[in-house]
Each structure stands twice: as C-alpha cells, then as structure tokens.
Amino acid sequence: LRSDANARLAALYDELLPVVYGYVRSRLAEADAEDVTAEVFRTAAEQLQRDPTAQLTRSWFLTAARNRVIDRWRHQMRWEGRLEALRRDVDVQSVAPGTGTGEAEDRVLDALDRLSPDHRAVLILRYVDGLRTRAIAEALGRNPRATDSLLARARRELVAAFEEVAL
Amino acid sequence: VTSRREATRLLRKVDQPRAPHPTFARELRAELLGYETEDSQAQLQIVEEDDDAPPEIAVLPEPEQKPHRPITKRRWLAAAAAVVLLAGGGTWFVAAQLDDDEIVVSVSPETKKTVETACAAFRSSAFSELSRKDLIGPGNNRVLANVPSARVAISRLEQALRRFADDLREAGIEDPEVTVALDRSAGKAGSAIDRLDGGSVNRGASGLGEIDVELTEVEQRLIELGISESCL
C-alpha cells in the first residue's frame, strides 16, 4: 500500500509541481511560494498515506494552494477576518497546462515582485482571477470606490515596476 | 514605455506552469518520496555541476510543451469570449488588445443601453440649461454670474458626477480609469464649492477646467472600450 501511495505521489509531483508552483508564484514572493507549494504537497502525501486511493486532482491541488495563498495574504496585509469569501474551488483551467513561461511572463513576475503585497493581491484578483471590483471590495471590507482607487494605484505601480525591470 | 493597458495585458498571462528552483524541487521530492527516480537522478547530476543555475532549469522532466502559437486575432477573440462567459453575466465587458492600435471589444447590447441611459441622465442633470462648455469650459466665469448661482450649478454637477459613477458601476463598468476619473472629478467639484465659500466666483470657476479634461478622458476611454461613442 505504501508503495502504491508513493508511486501515485511521485506521478502527481512530476505532473503538478510546475502547475502548483506557477499558480502560487504569481501571487507570492519566491520564498513564500516555495513554502506554500511544499505545504500543499505535504498535505497530499499525508492524504495518500491514509488512503492510497484518495482522489487528488489538479483542481484539488490548486484549491489547496489558493487557500494557503489567502492565508498568507491575510497575514502579510493584516487582512485578518477578511478574504473568506475568496475561498472557493479554483478553475482547473486557471493555469494553462503545459504552456510554459517566456521572457514576457518572467518580466511580469519581476514587476509583481516589486509591488507591495496588497497591490499585488488586488491586481491578481482583478486581472488574473477575473473577480469583479464589487466582489473584491466585499472580500476586503472596502467600498467599491476605495477598491477602484486601490486598483488604480496598483496599476500605476505595476507600470512603474515594468519600466524598472526593463532597464 | 509600457502603457497601463500593455501592463494589464501581460499581467493576464502570468498564471503559467513554472519550474521552481532545482534545489527546492530536489529537496522537496526527497522529503516526500525519500528516493529519486532514474530520470531525476540523471538530471540531478547535471544540476550538481551547476547548482547556481537559474530557476528555469528544472530538476524534473518538463511537462510536454505545446508548440508556440503566434498571437492571432482569432485567438484573442476566443479569449475575450471566454472571459465574457466566465464573468457569468450579460452586462460585463471585456477588451482585448491585438496590438498598439487595434482593440477588439465585446459589449452586450444591454450594457450599451444602460450606459447610454446613464450618459443621458448625467448630461441632463449635470448641466441643466447650460452646456458643458458653459459650465466647465474656458470663460465659464462669465456664465457663472454670482456665488449663489455658481454654488447651485457646481453642486448639481458634483451630485451628477457621483451618480454617474454609481450608474456605470451598476451597469458593470468596472474600468478603474473611468470610475476613478469620475470620482476625482466629483472631488474637484467639491473643492470648487469650498473655494466659492471664500466669496470669489473666479476662484471657484477656475478649477472646473480640470473636470473638463477628466471628462474628456472618460469619454475617450468609453469609446476605446466600445461602450459608448458619444456619452459626454
């Protein structure tokens, strides 16, 4: 049974490590992204040790990753008690399978790494996750106008960061 | 120079599978599985020789890569349609940039109609019997005859701006460039009223030209997004 669990975990690891890490890395800095990725795979390993037939799908991994990203955001930005509404299943298409990264995506990541955590988070929620401003506002406990202002500032910061990484 | 639109377009592509640093991948695999596969051992040897290799070099076999496909108009349209569907409602809009000049937009007829109604309501309530040029264009100090009448006109404009921003949000227009410009305009109208309280029509009227600039930008943005051709 143990060897079955290990074989399944190895296959899942090989297939999904870049997917999970890619999803988390766009939302968090490198060290945090590694921590969260490791936590997700450790949880998967525990589940498979308990039940080698457990159905751990791509969606399961991404949802587990998302919940941990939210925990990090709440801690980093003192958003305790907020963001609960964002805990939801992740669309399995959200990280395109096998498309890989290029120079443009690396540049985006470099620019995101230069932003404050809250600016990075709202940009990801709006433009990557596709949440509407009202949904973000409700999750953050802000009004839509304040959220729009936060988004506008974050976009300006992102443009400035792009210029910096281009130099 | 990166435009805001270009930055947003690139941002939408950030969710990609990404190989972590080889050392991290190797250590996590060892922690979880306690052994290495033949493939990973072979690749580990390569990594050991150059442990400072950039993160792009993965310890693990790369997932099967699809061949690179150039960005085509068809692909952008498909992506735009997908985002509209994901938005889950008929009132949202999406813009996709093909290149620096061309923008493809999908806006539902209901959204356009709602926005047109909001635009008409704004024009009617903001300027009343005056024109936009009369109230916020150059030489408006000649139209705004005295402090009480100027206060009435600018207060009306401020309320209309706030209501217009709310109406657009209700219509699902969530573009920060539009809503922030309108909120900023309302704030400038409020400041103009404060200046009127100092007793000078000229001082109150002088800042209204900035609102004219903001509204021009809003109008341009609505055209750019394919939402309205002649809103303001």
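If you take the alpha carbon atoms of the range A:109-158 and fit the smallest convex hull around them, that volume is 60 Å³ per residue. Going from the residue with the fewest nearby Cβ atoms within 10 Å to the one with the most, A:T37, A:T53 rank A:T53, A:T37.
For the range B:193-232, GluC sites (Glu not before Pro) meeting the loop criterion (DSSP other than H, G, I, E, B) and having at most 15 other Cβ atoms within 10 Å: B:E229.
Taking 20 °C and 1.002 mPa s as conditions, the range B:144-232 diffuses translationally at an estimated 159 µm²/s according to Stokes-Einstein applied to its Kirkwood radius (Cα pairs). For chain A, the equivalent ellipsoid derived from the alpha-carbon gyration tensor has semi-axes of 31, 19, 13 Å in decreasing order.
Readers should treat all values here as calculations from the given coordinates under stated rules, not as data from a laboratory. Values in this document were obtained by computation on a predicted structure and should not be read as measured data. Please note: Cβ atoms are built from the backbone with ideal geometry, for glycine as well, and neighbour counts cover all protein chains shown.
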